[in-house]
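Remarks on the structure that follows.
The values are calculated or read from the model by the stated rules, or taken from the named source; none is laboratory data. Please read these numbers as outputs of a predicted model, since none were measured by experiment. Here the Cβ positions follow ideal geometry from the backbone for every residue, glycine too, while neighbour counts run over all protein chains shown. Calculation scope for accessible area: heavy atoms of the full protein, side chains included, ligands and nucleic acids excluded. Shrake-Rupley method; radii C 1.70, N 1.55, O 1.52, S 1.80 Å.
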Amino acid sequence: MIKDAATIAAARAWLRDLRPNGGTNLHDALLEALRGKTLPGCLPLVLLLTDGLPTVGATREQDLRELVATGNPHGRRVFCFGVGNDVNVPLLDHVAEATRGTTTYVRPDEDVEVKVCRSPEGAETF
(Lines give C-alpha, C1' and ligand atoms only; values in the text may rest on other atoms or scores of the structure.)
Protein backbone atom coordinates (compact mmCIF):
# COMPACT_ATOMS: atom_id res chain seq x y z
CA MET A 1 0.00 0.00 0.00
CA ILE A 2 1.34 3.42 -0.95
CA LYS A 3 1.28 6.20 1.63
CA ASP A 4 -0.47 9.17 0.05
CA ALA A 5 -3.31 11.55 0.93
CA ALA A 6 -5.98 9.02 -0.03
CA THR A 7 -4.55 6.15 2.04
CA ILE A 8 -3.97 8.45 5.01
CA ALA A 9 -7.58 9.66 4.80
CA ALA A 10 -8.82 6.05 4.55
CA ALA A 11 -6.73 5.01 7.57
CA ARG A 12 -8.00 7.93 9.62
CA ALA A 13 -11.61 7.12 8.69
CA TRP A 14 -11.08 3.46 9.64
CA LEU A 15 -9.59 4.45 13.01
CA ARG A 16 -12.34 7.00 13.64
CA ASP A 17 -15.01 4.34 13.06
CA LEU A 18 -13.26 1.64 15.08
CA ARG A 19 -15.29 0.61 18.12
CA PRO A 20 -14.32 -1.77 20.92
CA ASN A 21 -16.42 -4.90 21.01
CA GLY A 22 -14.60 -7.06 23.53
CA GLY A 23 -12.23 -9.94 23.25
CA THR A 24 -8.50 -10.22 22.62
CA ASN A 25 -7.44 -11.83 19.36
CA LEU A 26 -3.64 -11.98 19.66
CA HIS A 27 -3.31 -14.60 16.92
CA ASP A 28 -4.93 -12.60 14.14
CA ALA A 29 -3.31 -9.37 15.33
CA LEU A 30 0.14 -10.97 15.11
CA LEU A 31 -0.69 -12.70 11.83
CA GLU A 32 -1.65 -9.41 10.16
CA ALA A 33 1.23 -7.46 11.68
CA LEU A 34 3.89 -9.99 10.71
CA ARG A 35 2.88 -11.03 7.20
CA GLY A 36 2.57 -7.68 5.44
CA LYS A 37 5.33 -6.56 3.11
CA THR A 38 7.92 -4.19 4.51
CA LEU A 39 7.72 -0.77 2.88
CA PRO A 40 10.90 0.93 1.73
CA GLY A 41 12.18 3.41 4.30
CA CYS A 42 10.12 1.89 7.14
CA LEU A 43 11.46 0.00 10.13
CA PRO A 44 10.25 -3.60 10.29
CA LEU A 45 8.76 -3.46 13.77
CA VAL A 46 5.47 -4.04 15.53
CA LEU A 47 4.14 -2.51 18.76
CA LEU A 48 1.79 -5.02 20.36
CA LEU A 49 -0.34 -3.57 23.14
CA THR A 50 -2.64 -5.99 24.91
CA ASP A 51 -4.80 -5.74 27.99
CA GLY A 52 -5.42 -9.40 28.52
CA LEU A 53 -5.19 -13.05 27.62
CA PRO A 54 -6.26 -14.27 24.16
CA THR A 55 -10.01 -14.95 24.19
CA VAL A 56 -10.93 -14.81 20.48
CA GLY A 57 -9.58 -16.84 17.55
CA ALA A 58 -6.66 -19.20 18.22
CA THR A 59 -6.13 -18.96 21.97
CA ARG A 60 -3.72 -21.84 22.64
CA GLU A 61 -0.34 -20.50 23.68
CA GLN A 62 1.41 -23.12 21.52
CA ASP A 63 -0.43 -21.87 18.40
CA LEU A 64 0.69 -18.32 19.11
CA ARG A 65 4.30 -19.40 19.68
CA GLU A 66 4.27 -21.35 16.41
CA LEU A 67 2.90 -18.36 14.53
CA VAL A 68 5.77 -16.20 15.76
CA ALA A 69 8.29 -18.93 14.89
CA THR A 70 7.02 -19.55 11.36
CA GLY A 71 4.94 -16.53 10.37
CA ASN A 72 7.45 -13.67 10.42
CA PRO A 73 8.81 -13.71 6.85
CA HIS A 74 10.15 -10.16 7.00
CA GLY A 75 11.94 -10.48 10.34
CA ARG A 76 9.85 -7.91 12.13
CA ARG A 77 10.78 -7.07 15.72
CA VAL A 78 7.81 -7.15 18.10
CA PHE A 79 7.82 -4.83 21.10
CA CYS A 80 5.16 -6.07 23.53
CA PHE A 81 3.29 -3.93 26.04
CA GLY A 82 1.17 -5.85 28.52
CA VAL A 83 -1.35 -3.51 30.13
CA GLY A 84 -3.12 -4.43 33.37
CA ASN A 85 -2.93 -7.37 35.73
CA ASP A 86 -4.29 -10.11 33.44
CA VAL A 87 -1.66 -10.67 30.73
CA ASN A 88 0.18 -13.82 29.69
CA VAL A 89 3.68 -12.78 30.75
CA PRO A 90 5.49 -15.92 29.50
CA LEU A 91 3.85 -15.59 26.07
CA LEU A 92 4.62 -11.89 25.64
CA ASP A 93 8.19 -12.42 26.83
CA HIS A 94 8.56 -15.24 24.29
CA VAL A 95 7.15 -13.17 21.42
CA ALA A 96 9.54 -10.32 22.17
CA GLU A 97 12.56 -12.58 22.65
CA ALA A 98 11.87 -14.61 19.50
CA THR A 99 11.63 -11.45 17.40
CA ARG A 100 14.48 -9.49 19.02
CA GLY A 101 12.05 -7.06 20.67
CA THR A 102 11.43 -6.16 24.29
CA THR A 103 8.52 -6.46 26.69
CA THR A 104 7.18 -3.77 28.99
CA TYR A 105 4.40 -4.23 31.53
CA VAL A 106 2.10 -1.46 32.65
CA ARG A 107 0.16 -1.78 35.89
CA PRO A 108 -3.30 -0.23 36.15
CA ASP A 109 -1.96 2.65 38.28
CA GLU A 110 0.80 3.53 35.75
CA ASP A 111 0.69 5.83 32.73
CA VAL A 112 0.71 3.79 29.48
CA GLU A 113 2.06 6.74 27.48
CA VAL A 114 5.10 7.09 29.73
CA LYS A 115 5.91 3.37 29.44
CA VAL A 116 5.47 3.29 25.67
CA CYS A 117 7.60 6.37 25.11
CA ARG A 118 10.57 5.42 27.24
CA SER A 119 13.53 3.60 25.72
CA PRO A 120 14.30 0.35 27.54
CA GLU A 121 17.78 -0.04 29.01
CA GLY A 122 20.10 -1.75 26.60
CA ALA A 123 17.81 -1.16 23.62
CA GLU A 124 19.54 -0.97 20.28
CA THR A 125 19.41 2.19 18.24
CA PHE A 126 18.00 1.68 14.74
#### Entry: Size of charge dipole - the chain - debye, nearest 20, with Cβ of Lys, Arg +1 and Asp, Glu -1, no other charges
500 debye
### Query
Going toward the positive end of the dipole of the chain, with +1 on Lys and Arg Cβ and -1 on Asp and Glu Cβ, which of 40, 52, 75 do you reach last?
40
### Query
How big is the Kirkwood radius of the stretch 36-126, worked out from every pair of different alpha carbons and given in Å to one decimal?
14.1 Å
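Once the piece of chain linking residue 14 and residue 105 is laid out straight, how much longer is it, given 0.36 nm per residue of separation minus the C-alpha distance between them?
Length gained between residue 14 and residue 105: 30.0 nm.
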### Message
For residue 104, what residues show an amide H to amide H distance below 5 Å, using hydrogens built from the backbone and excluding near sequence neighbours?
### Response
80, 81, 82
### Task
Scan around residue 52 for amide H atoms under 5 Å from its own, H built in the peptide plane at 1.01 Å from N, and keep only partners 5 or more places away or cross-chain.
83
## Note on the structure
Hits for the chain under the membrane-span-like helix rule (DSSP H, Cα axial span at least 27 Å, Kyte-Doolittle mean at least 1.6) are none
### Estimated distance in nm for a label pair at residue 97 and residue 66, the labels positioned 7 Å out from Cα along Cα-to-Cβ
2.1 nm
### Query
So how much slack lies between residue 21 and residue 7, counting 0.36 nm per residue of separation and subtracting their Cα-Cα distance, in nm?
2.5 nm
### Query
Which order do 42, 117, 80 take when ranked by solvent-accessible area (1.4 Å probe, heavy atoms of all protein chains), largest first?
117, 42, 80
